[in-house]
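J.: Below: one structure in structure tokens.
The values are calculated or read from the model by the stated rules, or taken from the named source; none is laboratory data. All values derive from a computational prediction rather than experimental measurement. Cβ placement follows ideal geometry from the backbone for every residue including glycine, while neighbour counts extend to all protein chains displayed.
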Amino acid sequence: MKLFLDTAHLPDIEEMVAWGVVDGVTTNPTLLSREEGDPRELLVRICETVNGPVSAEVVATDAEGMISEGRELASLHPHIVVKIPMTIEGLKATRVLSREGIRVNMTLIFTATQAWLAAKAGARYLSPFLGRLDDISTPSMEMLAGLLDILDHGDYEAEVLVASVRHPVHVLEAGRLGAHVVTVPPKVLRQLVRHPLTDIGVEKFLQDWKKVEARMQQGA
Ligand code: G3P
């Protein structure tokens, strides 16, 4: 399963790319709104930092506007993937852009059938939102399982890019179900790395090694 970072905060991206585990980045208008400066310039800097796909979302709501914005976003950098919401106008724009060779990530997907239609329209990535379903007591993993099942029975190029990830169990379950990509906020990635028993184990090893060093000092 590929791991993307769900953020536009360049310091976090730079830090976590150095961990050797990041395959791409997803952004959206909300994430970009939290950063300073020109969003287009920031997107280019993110593309230059990550050796992988970087999703950048259109804000137009009509197909013509999405197509125009999508072409402009795609021209920023070869790593750019154009993010388009799963609407009727979004399907129209996805069909046009994908036929021009522009990669599209259809986002704000909440049902298996929305994902199926997005794949049929030519989307390269499909972004089902887990957290926002769980927030309204709708089991996100049941949706994801059905989504993957439908796609498995067809010959679609699209990869399932699980989004709206709120905690490590979302990542674990998405991986077990066979999602192709999971995009996680930096906070969740830090949670994925850390375990108290690892910290306790490191501390114990260091303490015991001090006994070795003391013994070597005595023998010196
Ligand atoms: O990539 C989509 C993600 O940023 C949305 O997350 O937590 O706002 O549902 P959230």
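J.: Say we look at the range 22-36 and pick out the residues that are away from the ligand (no atom under 11 Å from the Cβ) and in contact (Cβ under 8 Å) with a residue 40 or more places away in the chain; which of these is farthest from residue 105 (Cα to Cα)?
T.: So the residue we want is 23.
J.: Then there is this: Which residue pairs have Cβ atoms closer than 6 Å, lie 6 or more positions apart in sequence or on different chains, and pair a first residue in the range 176-195 that is within 14 Å of the ligand (Cβ to nearest atom) with a second residue that is small (Gly, Ala, Ser)?
T.: Cβ pairs passing all conditions: 182/174; 183/163.
J.: Looking at (1) touching a helix residue (DSSP H, G or I) at 6+ places or on another chain (Cβ under 8 Å); (2) assigned to a loop (DSSP other than H, G, I, E, B); (3) modelled with pLDDT of 95 or more; (4) away from the ligand (no atom under 11 Å from the Cβ), which one does residue 166 not meet, given that it meets all the others?
T.: Condition not satisfied by residue 166: (4).
J.: Kindly list the number of the only condition in (1) within 16 Å of the ligand (Cβ to nearest atom); (2) surrounded by fewer than 17 Cβ atoms within 10 Å (Cβ to Cβ) that fails for residue 208.
T.: Among (1) within 16 Å of the ligand (Cβ to nearest atom); (2) surrounded by fewer than 17 Cβ atoms within 10 Å (Cβ to Cβ), the lone unmet condition for residue 208 is (1).
J.: Still on this structure, I have one more. Given the structure, is residue 164 among the polar types (S, T, N, Q), surrounded by 15 or more Cβ atoms within 10 Å (Cβ to Cβ) and more than 26 Å from residue 41 (Cβ to Cβ)? If you could, list the steps in order and put the result at the bottom.
T.: On the way: among the polar types (S, T, N, Q): yes; surrounded by 15 or more Cβ atoms within 10 Å (Cβ to Cβ): yes; more than 26 Å from residue 41 (Cβ to Cβ): yes.
It is true that residue 164 is among the polar types (S, T, N, Q), surrounded by 15 or more Cβ atoms within 10 Å (Cβ to Cβ) and more than 26 Å from residue 41 (Cβ to Cβ).
J.: Give the range 18-48 a look and list any residue that's among the β-branched types (Val, Ile, Thr) and touching a strand residue (DSSP E or B) at 6+ places or on another chain (Cβ under 8 Å), or say none.
T.: Across the range 18-48, the qualifying residues are 21, 22, 25, 26, 27, 46.
J.: Quick one: residue 46 ticks every box in (1) more than 16 Å from residue 185 (Cβ to Cβ); (2) in contact with a helix residue (DSSP H, G or I) (Cβ under 7 Å, 6 or more places away or on another chain) bar one, so which box is it?
T.: Only one criterion is unmet by residue 46, namely (1).
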